[in-house]
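Trainee: Submitted below is the structure of interest, expressed as structure tokens.
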Amino acid sequence: MRSMRIFSLTLAAFCCIVLFSELTDGALVDKSRIDGILKDDDRIESLSEAEKKLKRLVNSGFKMALPYLMTIVTETRLSGKCLSGLLMVVKGVMDIKSWAVRLLDALGKPSAGLLEGTATALGDYDECLDITVPRRMRPVPVPPYTEKQIAFHGQFCVVEIGLPKAIKQAAMAYQIGNRSSSELANSKTFLKDLVQIAPRADVAAFRMGVCIPSVCTQNDLQLIINEVSKLILLDANTIRCETKQKANFEVQQILILCVYGIIGLLILFGTSLDVLLQFTKTETIDDFYLRKQSMWIQSAMAFSIPRNTQKLLSLTTNDNSKIPSVRGMKFLTILLYIVVWTYASPNDYHFFKFRSAFYFFKFLEQIWFSIFANGAMGIDTLFLIAGLHISYQFWRKSVYQRIAVNAHKFLLKWYSRFALSQLLIISLVLCLPLIGSGPIWADIVTPEVENCKKRWWLNILALNNFWSSDDTCLVHTWLVCCLFHMFIIAPILLFILSRSTTVGIFVNCIIIMGSSVAIAMVTLMNDLPPSLTFYLMSFANIKTLWQKIFIQAYSHIAPFCIGILLGFFITRYDKIQLRKTTVLLGWLGAIVLNLTVLCGLYGYHDGQAMDMSLSAIYASVHRIVWALTISWMIFACTYGYGGFVNSILSSKFLIPCDRIAVLVYVLHPLILFIHEGQLRENMFMGHLDQLMHGTACVVITIVFAAICYITCAAPFEFFEKKVWYEPPPSYEAEDAENPKCKGKSTKCCDSIDMCKQQPSTSAAGDSNIRN
């Protein structure tokens, strides 16, 4: 009986396939095909004859399969509406109605490459949702139909077919056990190829799109799937169903759009005022002119698009920094980070969007790919630059090792910047449902939107890296939160360093060593891989490594402290003379150590587990080594030993990029969400395809970040300067009031309460070091 059911269902499917091929081939079919399929010696001469023969073909197949189909339908106890809708579908297919054929055409069909990792057959999402079936009534309804004239719409559902439990368990055992004795690895059949699913065996499954009448519920489809599962001996589940919906504005979206509307009006007013002044005033409308105007005019002009665009694209900067190389280093690091996450990410469904996803394992065999496979550690460059920036800004005006740290003002200023970036990206994410949809939208975008609705406050309070990443809003903002945590302790470290150089350096070194020991202990206690590298990604440890080490501030505090010490050193010495051999050895050492950190794990590209002692050692020191090598590069570029590297990183053309670097990082997931969520077809996993995909994401993100800078960030910077404005310090008056500073020709200090002369270890005997 079961074999007869399978035969009947197969015959019906075959008839549908033949039907599609006949429709695509047109009305004229050659005689050999007619003889083979229809057993007819007459050539088709008209469209009507073709339709009749197609109907006979389909009807004959359905007549054979109908008894068994009806048995399945009746045994599943479908709802009355769903049963009525399915009968209409059967009748429509037998009559080869357009909407019925389109409903079948929208079904996902397994394609070639299943053993290469093509794990989805999405079907045609839009074709399914655009189907509208009229009721049978007199007179016959004519489009556009009213609601009363519509029987049902197309409904797109996603069905997940899981692997047999034995294969899934064997794959998981292969990943976490002894691979040489694994049953899956030693299989003599094609099942051996399935070892490639082992790293993500927890979510490995096949997904396909199914188009059904909207009168059927998800439970109705599951009942049918259960019966089919008994025939194919595989577990299958209905993940979700959706129909075409009209745009539904929620309260938070209305509020966000209202705020955007107000900002838009301010931009329109400011731009109009700017244009008006340009045409009516004879003098140049520059900063000097605006300082003489009222606060209202200055505030309005802060929203001017031409003015803010000119500010963004300007190749000059008010920051007379002696370390311009960091702007190029920061921007390029962020770009590399974006490209790395287009290849792979910790998201469970990242590889579902790819065709031939197993090609990714071929990439891991290429040693040059280590730059991407282990590229996540490059994020520590940003922590180093953050510590360097804060330290340098505090110390660059200090000659006598005295700084005034207003902790409250410092933290409020940085928190306002942090909160603005979080509010900007959260508000944009909450509005994503208004602009997009797709067959995998619910896997990629919907979870982020729902998390942001429920736990947006974690981002505002900088607590989201202490929460489970599966439940937090915008996982990538862990970096911004960690930086803010470090900014909280930065005034303390700078204060200690200003009071005593020896004690300050000692405290920073203790923190660096403590971070290294803590990382090693967590790695050992949880049996974790040494870093977030593609080589060792596995369902067994990826989330634990991400949650307990990678997104926590303690694991990145060492590069931050190294940056603080580097900034202190650079401000102490204006010029340092080095021999050419020393410079050469420094660059060679930095390059070798960087490549060692990046490529040191290549020996484990096959996913073989690393010895825990080696894993702990690598985990504890690789961030420090990376930070030290990057510090050398910044040091060399600062003191004139950078050569063409300094010319590239310090290029004035990177000044506009530096202004939007933070926005590029914050906004880049938004572009990825929109693109990936609206995919209708699988992307091919290939280097060229990834290069084009990554480049497109980078370019679009930069454009979007520039728009956000012109419309939001630039006005914010204006008001920030007004709120936190400080008159420049008067050193002459300070010297007059402080008898310890009398008779000195240089600035005494940055502090208003005391002045301490620079120690002899930094000032005396420096004729060959200090200018």
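Trainee: Please compare each pair in LYS292/LYS721; LYS413/LYS721; LYS322/LYS652; LYS454/LYS543 to a cut-off of 19 Å on the Cα-Cα distance and tell me which ones are over it.
Mentor: In this structure, LYS454/LYS543 lie more than 19 Å apart at Cα.
Trainee: Computed from the coordinates I sent, volume of the Cα convex hull per residue in Å³ equals one of [x] 246; [y] 229; [z] 526. Tell me the label.
Mentor: Here the calculated entry is [y].
Trainee: Let me ask you something else. Quick one: how many Å² of ARG135 are accessible to a 1.4 Å probe, rounded to 10?
Mentor: 120
Trainee: Which stretch or stretches of segment 355-371 have amide N atoms under 17 Å from the point lying 7 Å from ASP606's Cα along the Cα→Cβ direction?
Mentor: Correct set: 361-367.
Trainee: Tell me, what is the per residue accessible area of the chain in Å², probe radius 1.4 Å?
Mentor: The answer is 49 Å² per residue.
Trainee: Another question about this same structure. For segment 411-472, give the magnitude of the charge dipole about the Cα centre (Cβ charges: +1 Lys/Arg, -1 Asp/Glu; no others), in debye to the nearest 20.
Mentor: 380
Trainee: Taking all pairs of different Cα atoms in segment 179-284, averaging 1/r and flipping that mean, what Kirkwood radius in angstroms comes out?
Mentor: It is 21.0 Å.
Trainee: How do the peptides 637-645, 532-540, 278-286, 238-246 rank, highest first, by the average count of neighbouring beta carbon atoms within 10 Å per residue?
Mentor: 532-540, 637-645, 238-246, 278-286
Trainee: Another question about this same structure. Using a 1.4 Å probe on the protein chains only, how many percent of the accessible area of segment 69-133 belongs to carbon and sulfur?
Mentor: 59
Trainee: Another one. Between LEU114 and PHE269, take the C-beta separation as r, use R0 = 56 Å, and let me know the FRET efficiency to the nearest 0.05.
Mentor: Here the calculated transfer efficiency is 0.45.
Trainee: What's log10 of I(q)/I(0) for segment 442-595 at q = 0.08, 0.10, 0.21 Å⁻¹, Debye sum over Cα points only, no solvent?
Mentor: Scattering profile of segment 442-595, log10 relative to I(0): -0.34, -0.52, -1.31.
Trainee: Could you list the residues of segment 604-632 with an amide nitrogen less than 19 Å from a label point located 7 Å from the Cα of GLN366 in the Cα-to-C-beta direction?
Mentor: 604-607
Trainee: Relative contact order, percent, of the chain when contacts are C-alpha pairs under 8 Å separated by at least 6 residues?
Mentor: Relative contact order comes out at 16 percent.
Trainee: If you don't mind, another one. Could you work out the percent of alpha carbon pairs in segment 254-342 separated by over 21 Å, rounded to a whole number? Working shown, then result.
Mentor: Numbers: 2083 of 3916 pairs.
Roughly 53 percent, rounded to a whole number.
Trainee: Shifting gears a bit: Which percent of the accessible area of segment 186-294 is formed by carbon and sulfur heavy atoms (probe 1.4 angstrom)?
Mentor: C and S fraction of accessible area: 64 percent.
Trainee: What is the set of long-range amide H partners of ALA121 at a cut-off below 5 Å, with H atoms built 1.01 Å from backbone N?
Mentor: Under 5 Å from the amide H of ALA121 lie the amide H atoms of ARG207, MET208, GLY209, each far enough along the sequence or on another chain.
Trainee: Where the only charges are on Cβ atoms (+1 Lys, Arg; -1 Asp, Glu), what is the dipole of the chain about its Cα centre, to the nearest 20 debye?
Mentor: Working: 71 positive and 59 negative charges, 210 e Å.
That gives the chain a dipole magnitude of about 1000 debye.
Trainee: Label-point separation (nm) for GLN293 and THR581, each offset 7 Å from Cα along Cα-to-Cβ?
Mentor: 6.3
Trainee: Ordering LYS543, LYS322 from largest to smallest accessible area (1.4 angstrom probe), what's the sequence?
Mentor: LYS543, LYS322
Trainee: With a cut-off of 8 Å between alpha carbons and a minimum separation of six or more residues, what is the relative contact order of segment 379-511 in percent?
Mentor: Reported relative contact order: 26 percent.
Trainee: Could you tally the net charge around CYS128, taking each other residue with its Cβ under 12 Å from the Cβ of CYS128, Lys/Arg +1 and Asp/Glu -1?
Mentor: My count for the surroundings of CYS128 gives -3.
Trainee: If R0 is 35 Å, what FRET efficiency do you get for ASP348 and ILE591 from their C-beta distance, rounded to 0.05?
Mentor: Numbers: r = 37 Å, r/R0 = 1.05.
The formula returns an efficiency of 0.40 here.
Trainee: Evaluate E = 1/(1 + (r/R0)^6) for ALA518 and LYS543, where r is the Cβ-Cβ distance and R0 equals 25 Å; express this FRET efficiency to the nearest 0.05.
Mentor: Numbers: r = 19 Å, r/R0 = 0.77.
E between ALA518 and LYS543, to the nearest 0.05, is 0.80.
Trainee: Sticking with this one: Tell me, how many Å apart are the Cα centres for segment 555-612 and for segment 169-236?
Mentor: The two parts, judged by their Cα centres, are 45 Å apart.
Trainee: If you don't mind, another one. Where does the chain land at 222 nm, in deg cm²/dmol rounded to the nearest 500, when only DSSP H runs of n ≥ 4 count, each adding -39500 (n - 2.57), divided by all residues? Spell out each step's value before the answer.
Mentor: Numbers: 32 runs with 442 residues, N = 771.
It comes out at -18500 deg cm²/dmol, rounded to the nearest 500.
Trainee: Out of segment 111-162, which chymotrypsin sites (Phe, Trp or Tyr not before Pro) are coil in DSSP terms and have no more than 15 other C-beta atoms within 10 Å?
Mentor: Qualifying residues, ordered by number: TYR145.
Trainee: Tell me the accessible surface of ASP527 in square angstrom (1.4 angstrom probe, heavy atoms of protein chains only), to the nearest ten.
Mentor: Accessible area of ASP527: about 100 Å².
Trainee: Can you tell me which of 650-663, 95-108 comes out highest on packing, and rank the rest after it, using the mean Cβ neighbours within 10 Å?
Mentor: Listed from highest to lowest mean packing, they are 650-663, 95-108.
The values are calculated or read from the model by the stated rules, or taken from the named source; none is laboratory data. Note that this is a predicted model, so its numbers are computed, not measured. Don't worry about glycine lacking a Cβ; one is built from the backbone with ideal geometry, like all the others, and counts go over all protein chains shown. Areas reflect the complete protein model, heavy atoms only, side chains present, ligands, DNA and RNA absent. Shrake-Rupley method; radii C 1.70, N 1.55, O 1.52, S 1.80 Å.
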